[in-house]
1. If a residue must be closer than 29 Å to His377 by Cα, over 22 Å from the mean Cα position of the chain (by Cα) and in a loop (DSSP other than H, G, I, E, B), how many such residues does region 109-146 contain?
2. For the structure I just gave you, tell me whether Phe86 is in contact with a helix residue (DSSP H, G or I) (Cβ under 7 Å, 6 or more places away or on another chain), modelled with pLDDT of 80 or more and among the hydrophobic types (A, V, I, L, M, F, W, C).
3. When the residues of region 58-105 are narrowed to those that are touching a Leu at 6+ places or on another chain (Cβ under 8 Å), part of a loop (DSSP other than H, G, I, E, B) and touching a residue at least 40 places away in the same chain (Cβ under 8 Å), which ends up least open to solvent (accessible area, probe 1.4 Å)?
4. Looking at Val139, Val108, Val167, which one is over 19 Å from Gly77 (Cα atoms) and open to solvent by less than 80 Å² (accessible area, probe 1.4 Å)?
5. Using beta carbons and a limit of 7 Å, which pairs, at least six apart or on different chains, have the first residue in region 42-55 and loosely packed, with under 14 Cβ neighbours inside 10 Å and the second one among the polar types (S, T, N, Q)?
6. In region 201-237, which residue that is in a loop (DSSP other than H, G, I, E, B) and among the basic types (Lys, Arg) is nearest to Gly163 (Cα to Cα)?
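The values are calculated or read from the model by the stated rules, or taken from the named source; none is laboratory data. Treat the numbers as computed from the prediction; the structure is a model and nothing was measured. Glycine gets a Cβ as well: all are built from the backbone with ideal geometry, and neighbour counts include every protein chain shown. Surface accessibility is based on the protein's heavy atoms, side chains included, excluding ligands, DNA and RNA. Shrake-Rupley method; radii C 1.70, N 1.55, O 1.52, S 1.80 Å.
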Amino acid sequence: MNYLKEVVILLLGPYLILLCRRVSGDQISSKVVINLAHRQSKWTPLMQMSANLSDITSIRSFFEFRTLDPEGAVFYGDTKEGQDWFVLSLRDGIPEMQIGKADILVSVKGGRKLNDGAWHLLELRNEGKFVVLEVNNKVELVVGLHSKLVEDDLTGKIRLALGGMLVDKQKLFHPFEPEIDACIRGGHWLNLSTTWDTDSTWEPRPCFSEIKKGSYFPGTGVAVFNTSDLPGLKTEEAGITVEIFGSWTGTTLSLQSTGFEYILEVLDGNKDVKEVQLGLKEGSESVALPREPETLTFTILKHSLVVNSVTELEKESLDFFSMWKKGMLLTFGGVPDDSEKAKSTHDLRGCLEKILVQGQVIDLDRALYKHTAVSSHSCPTEAFILAG
């Protein structure tokens, strides 16, 4: 068979997954907006299926796609149980295709950025030896591929997956972070009628009607980092700063280490002030801070913790710089479930438009753990959301 025909099958097939509604058990039917963000693990696909290659007749697909996320896996497909594989992802907001066949690896990136928060009409089609990606009726990326290897007949199974891969990530020519905060609607796909399977624990979540940049916490779930993986100390005088911008209430962040726990919680006050509660295991205190601007600066000094240059907690017996370098748990949005204070705090609700650690933007997709309810790169601009 012509190798490009196989590539196109892998390229177009998985998008059938996206416009689906669960009808019973783990079965999926069509015509609903699908949120790609909320899956249980980084590389495990959100949905997957398999079909006979001989059942595939269409080589054209188009759909609407929306994201503010610069990076992540969109879909994956393979034949020969993963010997030949394909994955489409975003990198820096730009489409990237990676293909593995026998001892050949191909990685191609190009076209316009798609992570501007607008709905884009995408079309994928085959033109002879080329795969064409069209965005809003304009050709953006053309990939040509020719192999001198002996081609197989169009027989056997094709496996398709959404939001992850079915082969080891070590096979990638150009590694990337797979998690993506994106939605798809209005698609027309291949002629496949095979049932798409999901993880038994997966629950579909709706997409926001309108979005803006930020990380959305709905009042459930946290994002946990190890401080040893974050930017470190530059000078002792300046300390380590965590800056948060947005509009929210609830537990903003917490720090945990052996024998130490610190919780910073922002509670609704009157229209002019917000209350910040600072808690240690030994006790707590509170202070009123101006409601505007919606900015909180948390500074870690050698023996003290400072909020907005006003509130300080002194702990001469602790060296926070050493603790940060060795590794503490820095949690945004609440307290880890195994913490003794988890049940007595209020999980964050609202939009963190930007999180900076030592001036560097923090991507929640890089967290050690992130709850599936937390949206890494989008916040709603309206109180309502699109129903599935």
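1. Going through region 109-146 one residue at a time, the tally reaches 2.
2. Details: in contact with a helix residue (DSSP H, G or I) (Cβ under 7 Å, 6 or more places away or on another chain): yes; modelled with pLDDT of 80 or more: yes; among the hydrophobic types (A, V, I, L, M, F, W, C): yes.
The answer is yes for Phe86.
3. Asp69
4. Details: Val108 fails: over 19 Å from Gly77 (Cα atoms); Val167 fails: over 19 Å from Gly77 (Cα atoms).
Of the residues listed, the single one that is over 19 Å from Gly77 (Cα atoms) and open to solvent by less than 80 Å² (accessible area, probe 1.4 Å) is Val139.
5. Within 7 Å, the pairs are Ser54/Thr155.
6. Keep residues of region 201-237 that are in a loop (DSSP other than H, G, I, E, B), which gives 201-207, 209-210, 213-214, 219-222, 230-237.
After this cut, where a residue has to be among the basic types (Lys, Arg) as well, the list is 205, 213, 234.
Numbers: Arg205: 15, Lys213: 21, Lys234: 37 Å.
That would be Arg205.
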